[in-house]
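Okay, structure first, notes after.
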Amino acid sequence: GQQVQQSPASLVLQEGENAELQCNFSSTATRLQWFYQHPGGRLVSLFYNPSGTKHTGRLTSTTVTNERRSSLHISSSQTTDSGTYFCAIDTNTGKLTFGDGTVLTVKP
Amino acid sequence: EAGVTQSPRYAVLQEGQAVSFWCDPISGHDTLYWYQQPRDQGPQLLVYFRDEAVIDNSQLPSDRFSAVRPKGTNSTLKIQSAKQGDTATYLCASSFYSGGGAEQFFGPGTRLTVL
């Protein structure tokens, strides 16, 4: 089965609303990264977060490793947040396995 | 500090043609990765190096794809005889290995279209 499952597959918000993106993984992760990708753009690392909670600006990532899940919370969304968000894990193999992403659209 | 750089940014080929992609990792990063990202999917690892050594190339289609990193710095990924199914974005990433894993940083990618 798929090692990394992200939900929802897509999400449409009005500007100012909050978003909650989920990532569930099937193996014990030694490393987890959240990435943002603008259409046609490079992958930008948002969080490198093996466990616990991290904040940067309007973004919060929470990873509960023993429950094999992570979430990305975006508060007060803006149109510039639109794009695809990826979760990726490493199970101590040295390589990342990505989910299929959540496509976020924020409307003005 | 410069990020990961890649060239070319775009390539359009006919089936059967060859193409090479070039990657310059972040200075000091010993680990370099090549990923393939089909449209509307997440990236999938093709091969990765630590210094000049191949660590894992199990997902690299060896009959047509090859990758080298001869001096442990820059790397080249080559497709010998491209197929339409190779249409994707090819991403390079680098990291500094610290035992338990390390944050990866990605380049802008090369978008390949095979007609």
> Measuring from centroid to centroid over Cα atoms, what is the spacing of region A:33-89 and region B:42-111 in Å?
Replying inline: 24 Å
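What is region B:5-114's relative contact order, in percent, from Cα pairs under 8 angstrom and six or more apart in sequence? Each step should come with its number before you reach the end.
Values: 266 pairs, mean separation 40.0, N = 110.
36 percent.
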>> Taking the solvent-accessible surface of protein heavy atoms with a 1.4 Å probe, what is the per residue accessible area of the protein assembly as shown in Å²?
In response: 47 Å²
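Set the Förster radius R0 to 22 Å, insert the Cβ-Cβ distance between A:Q22 and B:T113 as r into 1/(1 + (r/R0)^6), and round the FRET efficiency to 0.05. Working shown, then result.
Values: r = 33 Å, r/R0 = 1.50.
Result of the calculation: an efficiency of 0.10.
Rounded to the nearest 5, what is the percent of antiparallel bridges among the DSSP beta bridges in chain A? Kindly include the intermediate steps, with their values, before the conclusion.
On the way: 38 of 43 bridges.
Antiparallel bridges: around 90 percent, rounded to the nearest 5.
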> Taking R0 as 35 Å, what's the FRET efficiency between B:Q84 and B:R9 from their Cβ-Cβ distance, rounded to 0.05?
Replying inline: 0.95
> To the nearest 0.05, what FRET efficiency results for A:E15 and B:E52 with a Förster distance of 35 Å applied to their C-beta separation?
Replying inline: 0.10
> Per-residue mean of other chain beta-carbon atoms within 10 angstrom of the beta-carbon, peptide A:25-31?
Replying inline: 1
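Given axes a ≥ b ≥ c from the Cα gyration tensor, I'd like to know whether region A:4-107 is rounded (a/c under 1.5), prolate (a/b larger than b/c) or oblate. Show your work: numbers first, answer last.
Details: a/c = 1.93, a/b = 1.62, b/c = 1.19.
Here region A:4-107 falls in the prolate category.
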> Can you give the mean number of other chain Cβ atoms that lie within 10 Å of the Cβ atoms in peptide B:36-45?
Replying inline: 5
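What ranking do A:74-81, A:17-24 get when scored by the average of other Cβ atoms within 10 Å per residue, highest first? Display every interim value, and only then the final one.
On the way: A:74-81: 15.1, A:17-24: 17.4.
By packing density, highest mean first, the sequence is A:17-24, A:74-81.
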> Based on the mean of other beta carbon atoms within 10 Å per residue, what is the order of A:9-16, B:27-34, most packed first?
Replying inline: B:27-34, A:9-16
> When N is the residue count of the protein assembly as shown, what does its C-alpha Rg come to as a fraction of 2.2 N^0.38 Å?
Replying inline: 1.02
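Would you please put B:73-82, A:95-104, B:7-16, A:53-62 in order of how densely packed they are, using the mean number of other Cβ atoms within 10 angstrom per residue and starting with the highest?
Details: B:73-82: 17.9, A:95-104: 21.6, B:7-16: 12.8, A:53-62: 14.4.
In descending order of packing, they fall as A:95-104, B:73-82, A:53-62, B:7-16.
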> Which parts of region A:1-27 would a label at A:R58 reach, counting a residue when its backbone N lies under 19 Å from a point 7 Å out along Cα-to-Cβ?
Replying inline: A:8, A:10-22
> If you count the DSSP beta bridges with both ends in the protein assembly as shown, what percent of them are antiparallel, to the nearest 5?
Replying inline: 90 percent
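The values are calculated or read from the model by the stated rules, or taken from the named source; none is laboratory data. Keep in mind that what you see is a predicted model, and the values were worked out from it rather than measured. Neighbour counts run over all protein chains shown; Cβ positions are idealised from the backbone, glycine included. When the accessible area is computed, the model is the full protein with side chains, heavy atoms only, and any ligands, DNA or RNA have been set aside. Shrake-Rupley method; radii C 1.70, N 1.55, O 1.52, S 1.80 Å.
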